[in-house]
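All remarks here apply to the structure that follows.
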Amino acid sequence: MSYRWIALAIIILLVSGFVYLTRGFIELLFIVPLWELLSVARLTLRSMPQGLIWAVFLVVLAALSLRTFFALDRRRRSPPPPFELEGSWVAGLARSLERAAHADYFAWRMAQEMARLALSAFAYGQPRETNSQERLPDELPEHIRSYLEAGLRRRTSLRLSSEARRGEPPPTLDELETFVSYLESRWEVPGER
């Protein structure tokens, strides 16, 4: 037998003994007033006409039904909450783009995201091969290729100090704009300028 059952049995015995010793006190404090309250409530209900009790019941039921109906109607009429991009990938890109003009880290981060996007876009519809996700197409212009390769190099090393030591300048927003224009022209997406 486990200690838990022994402890439970001891607690039950102690509570039972306490109730037995204080039964008169508990009876006077709780049982008698509760019994008197129930007796008064029973006499009050018996003295009321049956039709009045049913009428009160139906009024309460109708009020609850109308309240529920109008609450549901209000919920249906309210406009849906606005779509928030707070935690989405697009919102992260927008924040990185805003910060890229002022900080090298975000310029590298933007190049990294664009390289990831380009690899996914170029691999779409291609047969699956080993390392097909990591290969850039051969027909890319040199300036686009250098921008994406800079982003791919950053995928393996995110520490700015190592890039700064090598003296490699961060990708610029002009390079990003050139890359986006290239993607739009390749997939014939009309650009909004």
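The values are calculated or read from the model by the stated rules, or taken from the named source; none is laboratory data. None of the values given here were measured: they were computed from a predicted structure. Reconstructed Cβ throughout: ideal geometry from the backbone, glycine too, with neighbour counts over all protein chains shown.
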Which of (1) modelled with pLDDT under 70; (2) part of a helix (DSSP H, G or I) does residue 96 not meet, given it meets every other one?
(1)
In region 177-193, which residue that is among the charged types (D, E, K, R) and surrounded by 11 or more Cβ atoms within 10 Å (Cβ to Cβ) is modelled with the highest pLDDT?
177
Count of region 93-106 residues which are closer than 10 Å to residue 171 by Cα and either touching an Asp or Glu at 6+ places or on another chain (Cβ under 9 Å) or of a type in the set (Lys, Arg) (or both):
2
Where in region 1-53 are there helices (runs of 4 or more DSSP H), lying wholly inside it, with at least 1 residues that are modelled with pLDDT of 90 or more?
3-21, 32-47
Filter region 137-176 for residues that are farther than 19 Å from residue 122 by Cβ and among the charged types (D, E, K, R); the one that is modelled with the lowest pLDDT is 165
